[in-house]
Amino acid sequence: MSDRLAPTRTAEFEARLKKRYAAERRFKMAGLGAILFSVGVLAFLLVTMGFNGIGGFQRAEMDVPIDFTQAGLSGDPALLAQPDAAQTLEAQGLPSIVDFYAEQQLGSEGAAQISASAWRLVADGIIADPTILRETVTFSLPASPKLAAGLNGEGAPEMRALAKTLSDEGKLETKLDLGFLERADATDPQQVGIWGALKGSMLTMIVTLLMAFPIGVMAALYLEEYAPKNRWTDLIEVSINNLAAVPSIIFGLLGLAVFLWIFPNMRSAPLIGGMTLALMTMPVIVISGRNAIKAVPPSIRDGALAVGASPVQVVFHHVLPLALPGILTGTIIGMARALGETAPLLMIGMRAFVATPPQDFTSPATVLPVQIFLWSDEIDRGFVERTSAAIIVLLIFLLLMNGLAIYLRNRFEKKW
Amino acid sequence: MSPAILLVLALGLGLAGWLAARARAWTFRRDSSTGRIAALPVYHAWYVALWIVVPVLVFVGLWSVIAPQLISQSVLSSPAAADLPAFGFQRDAILSEARSVASGSAKAVFNEAANGLVEPYRAAMARYNVIGVLATLVIAFLAGAWSFLRIKPDFTARTRVEKAVMTILLLASLVAILTTLGIVVSLVFETFRFFGMVSPLDFMFGTHWGPDPMSNPDSPDGSRYGAIPLFWGTIYIGAIIAMIVAIPLGLMSAIYLTQYANPTLRKWIKPALEVLAGVPTVVYGYFAALTVAPAIRDAAFAVGISNASSESALAAGLVMGVMIIPFVSSMADDSIAAVPQAMRDGSLAMGATTSETIRKVLVPAALPGIVAGVMLAVSRAIGETMIVVMAAGAAANLTGNPLEAMTTVTFQIVAMLTGEGSFDHPATLSAFALGFVLFMVTLGLNFIALRVVKRFREAYE
């Protein structure tokens, strides 16, 4: 065997070769290790959030049967149709009625740990269906944050004991809390919801899209199709490339100094937030739009010009429709980035405590990532799970947007 | 709400003008002997529609800025405003409360003093709303009528519409310059105001950072505005710790993906890395604060370091490094792909192993591109805000111990602008000076990096 090999393959050579191959394997393993580490961190992050977040979609609730026939509430439908029906019910003593039945069911210690605003849930139930005033209805009322912590085995020892007693009797349970998706911010982690922030995010994104998309597409068309090669065009190009790399917090400073100076009454309004994010998103749309326009082959333009189309017709009738899927993909990716952006919105005051979902583009609002930031600052343990749940909601939205972008890319992108 | 109504009104009027002009152009076409006119009817339609919509949009834009000021002026001149506090926070609070009640976004006033102002507000709002709508209608009608009368069979509507379109496209591309200008002007302006109060030398070379937003704004203590600890914290977290994580991992990932991985693996791993880049920074920040920082503190306790704080530069830097991995990886990917195949083939043909080819041929050839990518990554890391806000701490320590809390430029910008201080206080204005430094540094890094990348590409073309 060995006499067939070249004379250079001496023992030293073989040893060196072995070493070199070992180095090769080590190098390859290091590369694989790097990738596995990155993917592992991603998986760990998602699993941590998912694991914590499941608890955020649940809350500790106690079943309290309330016999409305004995309660003596007036079920006048006209009164209950009023916008201030909850206050009417409060004036009729609904809170103490709820307390009374809670005490009967749970004992005085348990009743003390019913969330202070539990009667509002009952009031909502009555307003939604006044006929329940003629029967006994069982309500699932949220426990106080202390008792909820006790149920998780945290917090004060007496709460843990009480939670154990109540849950052994089957009176305290952890239940799926879909209301988390319908409520707004609150001070009590048992009462918080994500809808307020989600709506704020949607309003902000609408403003961003309406401003960044047309301006971005028009700028991309101009730069790619019409712009003469001169200093001005270079200046525009340089500033777009630089804007795409400017830290997002700088856009927040711009929004604070310029937009809030023009509209001093609109602190923390989705309109201002959307405008700030639009400036940030526009360069992304311009850059991806230019790439999409560049990918349309020149023969299309030549063909259209040859049959007599004007330059504007060439672009708007032929180039733009062909480039649109690519532009949309870039736009969605830019919007996904804007949706996850926090720092610039902190600058323009969208960090206020907003307990009602925003009504329109000018009312105070907060957005999902800022809500996550605010909750992460809360001391109460109950907020940890709620924060993770909010993160899950945010990640789902980002995943949907990116999925849509990938779908668009695969479905419509043409290779010329 | 009123600007939105005006916008809808503008678009409606534009549509009306569009339809009317098209109908008129059609009649021209029917009546002409050849059945041809100088432009297609639809261009006449667009001509009139643009003439209506553009002036109205300009007016609505200006009006939405001017009208609130006119309203508050007329309210302040009403007799009910005479007994308002002369200036300051309370006056603003009362006014804004009265405004929100009058506009219907709040039900009742909290502050008694605002009660009297609700009616004047409501009246002024109604008055200016009517004025706004009327002015919109008048402008639309005048512009529409003028343009409509210009439509003739031999009117070259198409060239005019196209000229307008080109102008609009040009204006859209100028927005980028305006934004850059806006950033520079607003940062420079506020920075100059800050340096009017605190000496630039104190700011750039002082080693103690501790602005007090409650101190007397007229006699700021320059020795509390030394930004060196912030610059150090920013560099230590963003350019040192994060890069120690991101450069080897990002580079090795790129090398493995481009040189070793089979297509199936690449198809799955690349999107996963993109997901890593797409996770919002606030999520990374929460991850750093909730999971990584306590783990690091516990590990430090376990090896006997008793004074490790729960907020550490290390936690923020590590997580930031992970965030930057995909960025470094994709830049390295591009630069390695730009190295001509012949160089790789030559090396392999000489008998070098793949790893030797990569280490001795590909990486050195791609080095300028990789360095540029790292510079972009650094500029991104030092501008990163949420991770340091949530995990790095607020204490401005000038130390090399990664287990201590450290603060960064971005953290202090957030802290100074979300605090209680007034807008004229040097502590608040210092945020703009910090922002200006950050902007200039990232701009410089990006500028150099982009030039390097460009020259590098040209070298192999």
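Quick one: would you say A:Leu328 is closer than 19 Å to A:Asp185 by Cα and part of a helix (DSSP H, G or I)? Reasoning before the result, please.
On the way: closer than 19 Å to A:Asp185 by Cα: no; part of a helix (DSSP H, G or I): yes.
It is false that A:Leu328 is closer than 19 Å to A:Asp185 by Cα and part of a helix (DSSP H, G or I).
Beta carbons closer than 6 Å, at least 6 apart along the sequence or on distinct chains, never pair a first residue in region A:5-34 that is more than 28 Å from B:Leu265 (Cα to Cα) with a second that is of a type in the set (A, V, I, L, M, F, W, C) and surrounded by 11 or more Cβ atoms within 10 Å (Cβ to Cβ).
From the list B:Asp212, B:Asp298, the one residue that fits, being among the charged types (D, E, K, R), farther than 28 Å from B:Val374 by Cβ and assigned by TED's automatic domain parsing to the domain that holds B:Ile382, is B:Asp298. The residue that is nearest to the other protein chains (Cβ to nearest Cβ), counting only those in region A:258-286 that are part of a helix (DSSP H, G or I) and polar (S, T, N, Q), is A:Asn265. Listed conditions (1) out of contact with any strand residue (DSSP E or B) (no Cβ under 6 Å at 6 or more places or on another chain); (2) over 30 Å from A:Met401 (Cα atoms) are all met by B:Val283, apart from (2). Within this structure, A:Leu408 passes the test of being assigned to a helix (DSSP H, G or I) and either surrounded by fewer than 20 Cβ atoms within 10 Å (Cβ to Cβ) or small (Gly, Ala, Ser) (or both). Exactly one residue out of A:Ala71, A:Ala78 is more than 29 Å from A:Leu181 (Cα to Cα) and free of Cβ contacts under 8 Å to residues at least 12 places away in the same chain, and it is A:Ala78.
When you scan region B:380-461 for helices (runs of 4 or more DSSP H) that lie fully inside it, which ones turn up with 1 or more residues that are at pLDDT below 90 and among the charged types (D, E, K, R)? Correct list: B:426-459. Could you tell me whether A:Gly289 is at the interface with chain B (Cβ under 10 Å from one of its Cβ atoms), over 16 Å from B:Ser379 (Cβ atoms) and not in a loop (DSSP other than H, G, I, E, B)? Considered against the rule, which asks whether it is at the interface with chain B (Cβ under 10 Å from one of its Cβ atoms), over 16 Å from B:Ser379 (Cβ atoms) and not in a loop (DSSP other than H, G, I, E, B), A:Gly289 comes out as no.
Away from chain B (no Cβ under 14 Å) and of a type outside the set (Ser, Thr, Tyr): which single residue out of A:Pro157, A:Pro247, A:Pro228 fits that description? Selected residue: A:Pro157, the only one of A:Pro157, A:Pro247, A:Pro228 that is away from chain B (no Cβ under 14 Å) and of a type outside the set (Ser, Thr, Tyr).
Which residue is surrounded by the most Cβ atoms within 10 Å (Cβ to Cβ), if the candidates are limited to region B:219-272 and must be free of Cβ contacts under 8 Å to residues at least 60 places away in the same chain and of a type in the set (A, V, I, L, M, F, W, C)?
Filtering region B:219-272 down to residues free of Cβ contacts under 8 Å to residues at least 60 places away in the same chain leaves B:219, B:221-224, B:226, B:248, B:252, B:256, B:261-272.
After this cut, where a residue has to be of a type in the set (A, V, I, L, M, F, W, C) as well, the list is B:252, B:261, B:265, B:268-269, B:272.
Details: B:Met252: 24, B:Ala261: 19, B:Leu265: 14, B:Trp268: 10, B:Ile269: 19, B:Ala272: 14.
In this case the residue turns out to be B:Met252.
Scanning region B:258-272 for residues that are more than 7 Å from chain A (Cβ to nearest Cβ) and aromatic (Phe, Trp, Tyr) yields one hit, B:Trp268.
Please go through region A:332-352 and pick out each residue that is more than 16 Å from the chain's Cα centre (by Cα) and either within 7 Å of chain B (Cβ to nearest Cβ) or crowded, with 20+ Cβ neighbours inside 10 Å (or both).
Within region A:332-352, the subset more than 16 Å from the chain's Cα centre (by Cα) is A:347-349, A:352.
Those that are more than 16 Å from the chain's Cα centre (by Cα) and either within 7 Å of chain B (Cβ to nearest Cβ) or crowded, with 20+ Cβ neighbours inside 10 Å (or both): A:Met347, A:Ile348, A:Gly349.
With region B:281-368 as the region, which helices (runs of 4 or more DSSP H) entirely inside it contain at least 3 residues that are farther than 25 Å from B:Thr407 by Cα and among the small types (Gly, Ala, Ser)? Steps first, answer last, please.
On the way: elements: B:281-287, B:293-302, B:313-338, B:341-349, B:354-357.
Output list reads B:313-338, B:341-349.
B:Tyr236 - would you say it is more than 12 Å from B:Val322 (Cβ to Cβ), facing chain A (nearest Cβ under 7 Å) and either part of a helix (DSSP H, G or I) or at pLDDT 95 or above (or both)? Even if it seems obvious, please write down each step before you answer.
Details: more than 12 Å from B:Val322 (Cβ to Cβ): yes; facing chain A (nearest Cβ under 7 Å): no; either part of a helix (DSSP H, G or I) or at pLDDT 95 or above (or both): yes.
No.
Within region A:154-198, can you find the residues that are in a loop (DSSP other than H, G, I, E, B), closer than 30 Å to A:Ala352 by Cα and of a type outside the set (A, V, I, L, M, F, W, C)? Even if it seems obvious, please write down each step before you answer.
First, pick out the residues of region A:154-198 that are in a loop (DSSP other than H, G, I, E, B): A:154-156, A:169-171, A:177, A:182-194.
Imposing the further condition that a residue be closer than 30 Å to A:Ala352 by Cα reduces the set to A:154-155, A:177, A:182-194.
Scanning region A:154-198 gives A:Glu154, A:Gly155, A:Asp177, A:Glu182, A:Arg183, A:Asp185, A:Thr187, A:Asp188, A:Pro189, A:Gln190, A:Gln191, A:Gly193.
Evaluate the following for B:Ala39: is it small (Gly, Ala, Ser) and under 29 Å from the mean Cα position of the chain (by Cα)? Criteria not met by B:Ala39.
Among B:Val279, B:Val275, B:Val283, which is the only one that is free of Cβ contacts under 8 Å to residues at least 60 places away in the same chain, within 10 Å of another protein chain (Cβ to nearest Cβ), under 30 Å from B:Thr428 (Cα atoms) and of a type outside the set (Asp, Glu)?
Working: B:Val279 fails: under 30 Å from B:Thr428 (Cα atoms); B:Val275 fails: under 30 Å from B:Thr428 (Cα atoms).
After applying the criteria, what remains is B:Val283.
Would you pick out the residues in region A:303-315 that are assigned to a loop (DSSP other than H, G, I, E, B) and closer than 19 Å to A:Leu223 by Cα?
In the first step, residues of region A:303-315 are kept if they are assigned to a loop (DSSP other than H, G, I, E, B); the result is A:307-310.
Hit for region A:303-315 is A:Ser310, nothing else.
Results for (1) in a helix (DSSP H, G or I); (2) in contact (Cβ under 8 Å) with a residue 40 or more places away in the chain, shown as yes or no for each residue.
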position	(1), (2)
A:Leu209	yes, yes
A:Pro214	yes, no
A:Leu221	yes, yes
A:Lys229	no, no
A:Trp232	yes, no
A:Glu237	yes, no
A:Ile240	yes, yes
A:Ala244	yes, yes
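With the condition kept exactly as written, say whether any residue in region A:375-385 is away from every other protein chain (no Cβ under 11 Å), part of a helix (DSSP H, G or I), out of contact with any helix residue (DSSP H, G or I) (no Cβ under 6 Å at 6 or more places or on another chain) and farther than 30 Å from A:Leu254 by Cα. For region A:375-385, residues away from every other protein chain (no Cβ under 11 Å), part of a helix (DSSP H, G or I), out of contact with any helix residue (DSSP H, G or I) (no Cβ under 6 Å at 6 or more places or on another chain) and farther than 30 Å from A:Leu254 by Cα: absent.
Give the number of residues within region A:77-103 that are surrounded by 13 or more Cβ atoms within 10 Å (Cβ to Cβ) and either in a loop (DSSP other than H, G, I, E, B) or hydroxyl-bearing (Ser, Thr, Tyr) (or both). Steps first, please.
Within region A:77-103, the subset surrounded by 13 or more Cβ atoms within 10 Å (Cβ to Cβ) is A:79-80, A:85-86, A:88-90, A:92-95, A:97-103.
Then keep just the ones that are either in a loop (DSSP other than H, G, I, E, B) or hydroxyl-bearing (Ser, Thr, Tyr) (or both); that gives A:88, A:92-93, A:101.
Selection size over region A:77-103: 4.
Does any residue of region A:353-363 turn out to be crowded, with 24+ Cβ neighbours inside 10 Å and modelled with pLDDT of 90 or more? For region A:353-363, residues crowded, with 24+ Cβ neighbours inside 10 Å and modelled with pLDDT of 90 or more: absent.
Quick test for you: out of B:Leu178, B:Leu174, pick the one residue that is surrounded by fewer than 16 Cβ atoms within 10 Å (Cβ to Cβ), at pLDDT 90 or above and more than 25 Å from B:Val8 (Cα to Cα). Don't jump to the end; show me each part of the working.
Values: B:Leu174 fails: surrounded by fewer than 16 Cβ atoms within 10 Å (Cβ to Cβ).
Sole residue among the options that is surrounded by fewer than 16 Cβ atoms within 10 Å (Cβ to Cβ), at pLDDT 90 or above and more than 25 Å from B:Val8 (Cα to Cα): B:Leu178.
Screening A:Ile300 with (1) free of Cβ contacts under 8 Å to residues at least 12 places away in the same chain; (2) surrounded by fewer than 17 Cβ atoms within 10 Å (Cβ to Cβ); (3) among the hydrophobic types (A, V, I, L, M, F, W, C); (4) assigned to a helix (DSSP H, G or I) gives one miss only, at (1). Just checking, does region A:45-59 include any residue being more than 7 Å from chain B (Cβ to nearest Cβ), aromatic (Phe, Trp, Tyr) and in contact with a Leu (Cβ under 7 Å, 6 or more places away or on another chain)? Within region A:45-59, one or more residues are more than 7 Å from chain B (Cβ to nearest Cβ), aromatic (Phe, Trp, Tyr) and in contact with a Leu (Cβ under 7 Å, 6 or more places away or on another chain). Tell me yes or no: at least one residue of region B:441-458 is among the aromatic types (Phe, Trp, Tyr) and either surrounded by 23 or more Cβ atoms within 10 Å (Cβ to Cβ) or under 20 Å from the mean Cα position of the chain (by Cα) (or both). Within region B:441-458, one or more residues are among the aromatic types (Phe, Trp, Tyr) and either surrounded by 23 or more Cβ atoms within 10 Å (Cβ to Cβ) or under 20 Å from the mean Cα position of the chain (by Cα) (or both).
The values are calculated or read from the model by the stated rules, or taken from the named source; none is laboratory data. Here the structure is a predicted model, which means the values were calculated and not measured. Positions of Cβ are backbone-derived with ideal geometry, glycine not excepted, and every protein chain shown enters the neighbour counts.
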